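**Student:** Have a look at this one.
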Amino acid sequence: MNNLNLKDTSEKLLDTFIKAGNVAKEISKKGVKVTYKADKTPVTDADIEVDKLLKAEIENLTPNIPIISEETVNFNIENKHRTFWLVDPIDGTRDFINKRDEYTLNAGLIIDLKPAIGIVYAPEKDRLFFSYGKGLAFEINNGKQVILT
């Protein structure tokens, strides 16, 4: 864990988020298939596809760090990991289903129970936010990177 470069890891995930956002938009155009989880919240085929894409790249970059995803988590098992990825492939699934632009794709790396990396992408607004440390927050808005303070 000590040799993990947070800057490189976060930046290597940005293209995957953009690709996953394009997948979500394409599924939205074709028509979303909705099912319901045990807790009666909706999940779409886009949630599942985005989840697969994000998790595959995260596993590729950090194979020894477990991933907890909203779409595949087992709520009957307590998380005892102090370091893990937390993924919500589409936050705002109802907005996504209703073709609103308020949904986001999200991942965060938690190291020793503290946030280390955060990535949030709003595909419909072409806005991608990421951070990999205190004072190191950025936005890519329509292809232009901005340092956030």
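The values are calculated or read from the model by the stated rules, or taken from the named source; none is laboratory data. Since this is a predicted model, take the numbers as computed values, not measurements. No Cβ is skipped: glycine too gets one built from the backbone with ideal geometry, and neighbour counts run over all protein chains shown. We work out accessible area using only protein heavy atoms, side chains counted, and drop any ligands, DNA or RNA first. Shrake-Rupley method; radii C 1.70, N 1.55, O 1.52, S 1.80 Å.
**Student:** Cα gyration tensor of region 79-149, axes a ≥ b ≥ c as square roots of the eigenvalues: rounded (a/c below 1.5), prolate (a/b > b/c) or oblate?
**Tutor:** Judged from the Cα gyration tensor, region 79-149 comes out oblate (a/c at least 1.5, b/c at or above a/b).
**Student:** Residue by residue, what Karplus-based ³J(HN,Hα) values in Hz, rounded to whole numbers, does region 9-26 have, using 6.51, -1.76 and 1.60 with θ = phi - 60° and x for Gly and Pro?
**Tutor:** 4, 5, 5, 5, 8, 4, 4, 5, 5, 5, 4, 5, x, 5, 4, 4, 5, 5
**Student:** For a quick check, take a GNM of the chain with Cα springs below 10 Å and name the residue from ALA20, ALA137, ALA46 with the largest mean-square fluctuation.
**Tutor:** Checking each option, the largest mean-square fluctuation is seen for ALA137.
**Student:** Heavy-atom accessible area per residue, region 13-54, 1.4 Å probe: how many Å²?
**Tutor:** With the other protein chains kept in place, region 13-54 gives 55 Å² per residue.
**Student:** Could I ask something else about it? Tell me what the chain gives for mean residue ellipticity at 222 nm when only DSSP H runs of n ≥ 4 count, each as -39,500 (n - 2.57), the sum divided by the residue total, rounded to 500 deg cm²/dmol.
**Tutor:** When only DSSP H runs of four or more count, the value is -10500 deg cm²/dmol.
**Student:** Tell me, what is the percent relative contact order of the chain, built from C-alpha pairs under 8 Å that lie six or more residues apart?
**Tutor:** This gives 18 percent for the chain.
**Student:** In the structure displayed, which of LYS19/LYS125; LYS12/LYS99; LYS30/LYS99 lie more than 23 Å apart, Cα to Cα?
**Tutor:** Those over the limit are LYS12/LYS99.
**Student:** If you don't mind, another one. Please find the FRET efficiency linking LYS37 to LEU148, where r is the Cβ-Cβ separation and R0 is fixed at 30 Å, and quote it to the nearest 0.05.
**Tutor:** Calculated value: 0.35.
**Student:** I would also like to ask the following. Quick check for me: using +1 on Lys/Arg Cβ and -1 on Asp/Glu Cβ, what's the dipole size of the chain about its Cα centre, in debye to the nearest 20?
**Tutor:** It comes to approximately 140 debye.
**Student:** Further, regarding this structure: Most mobile of ILE77, ILE97, ILE111 per a Gaussian network model of the chain (Cα springs, under 10 Å)?
**Tutor:** Sorting by GNM fluctuation, first place goes to ILE77.
**Student:** Relative to the compact globular guide of 2.2 N^0.38 Å, what is the alpha carbon radius of gyration of region 60-116, as a ratio?
**Tutor:** Here the Cα radius of gyration is 1.30 times the empirical estimate.
**Student:** Keeping the other protein chains in place, figure out the carbon and sulfur percent of the accessible area of region 40-149, with a 1.4 Å probe.
**Tutor:** That fraction is 52 percent.
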